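Notes follow once the structure below has been shown.
The values are calculated or read from the model by the stated rules, or taken from the named source; none is laboratory data. These numbers come from a predicted model, not from an experiment. Here the Cβ positions follow ideal geometry from the backbone for every residue, glycine too, while neighbour counts run over all protein chains shown.
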Amino acid sequence: METAGNIIESRAVPPIRVGVVEEPELVMLGVDGMLRRHPDRAALTASADYLSPRVDVLLCDPVGRTVDLEGYLDRVFAATAARVLAFTWTTDEATARRVLAAGAHGWLSKASSSADLVAAVEAVHRGEPVAEAEAHRTADPSPTGLSGREREVLGLICRGFSNQEIADELFLSVNSVKTHIRQIYQKIGVARRAQAVAWGLAHPY
């Protein structure tokens, strides 16, 4: 007869609780959708407060803030006990090194797949450093057929830049930016800006 002492209780490991700080709703929905593909491994916390102890890993984008990225990360570190994963459209290797040198536990491009995102969250949660190799792949052919410049433009669109802001950032004319956007829409099969942002959050490019 089996006794209670002989029964080994099996407990499932709960998914890692992920928080997102200071991102628009569209990015939040994109992250939530990506994590929902791996519900047993990670999940977006229902809490809107990233200081919550219910957050294990915090995603934040320190690039392009009103303060320098080191100052921004210092503010985040001071406010949360969660491990911090920088999640940004920027794929510049020098910027990635700055982010990691400033104390972030990992760095991942927002162009990464859902599988890459969950793997990075798990690694950061285990205490392993993460430096996504996207910066080393920027010259590789895009599976969507997007050129390097088109990928830059799409990244800025997904960060909420206007056409004029994209032109200023990339030293292009507004008409050139509009041409790139039309080509991007054609290649990824969308018709509106919001659709392009949603596509960019869901696909590596």
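Checked against the criterion of being aromatic (Phe, Trp, Tyr), surrounded by 15 or more Cβ atoms within 10 Å (Cβ to Cβ), farther than 18 Å from Gly127 by Cα and at pLDDT 90 or above, the candidates Tyr50, Tyr72 yield just one match: Tyr72. Restricting the stretch 79-99 to residues that are modelled with pLDDT of 90 or more and outside any loop (DSSP other than H, G, I, E, B) leaves a set whose member that is surrounded by the most Cβ atoms within 10 Å (Cβ to Cβ) is Ala86. For the stretch 151-168: of the residues being surrounded by fewer than 16 Cβ atoms within 10 Å (Cβ to Cβ) and over 19 Å from Leu26 (Cα atoms), which is modelled with the highest pLDDT? Among them, the one singled out is Gln164.
I'd like the full set of residues that are within 22 Å of Leu108 (Cα to Cα) and buried (at least 16 other Cβ atoms within 10 Å of the Cβ), limited to the stretch 182-202. First the steps, then the outcome.
In the first step, residues of the stretch 182-202 are kept if they are within 22 Å of Leu108 (Cα to Cα); the result is 196-202.
Within the stretch 182-202, Ala196, Val197, Ala198, Trp199, Gly200, Leu201 qualify.
Out of all the residues in the stretch 189-201, is one or more of a type in the set (Phe, Trp, Tyr) and either at pLDDT 80 or above or assigned to a helix (DSSP H, G or I) (or both)?
Initial filter on the stretch 189-201 (of a type in the set (Phe, Trp, Tyr)): 199.
Filter again for either at pLDDT 80 or above or assigned to a helix (DSSP H, G or I) (or both), leaving 199.
Yes.
Looking at the stretch 151-205 only, could you name the residues that are of a type in the set (Lys, Arg) and closer than 20 Å to Asp61 by Cα? Working first, answer last.
Applying the first criterion (of a type in the set (Lys, Arg)) to the stretch 151-205 yields 151, 159, 178, 182, 187, 192-193.
Matches in the stretch 151-205: Arg151, Arg159.
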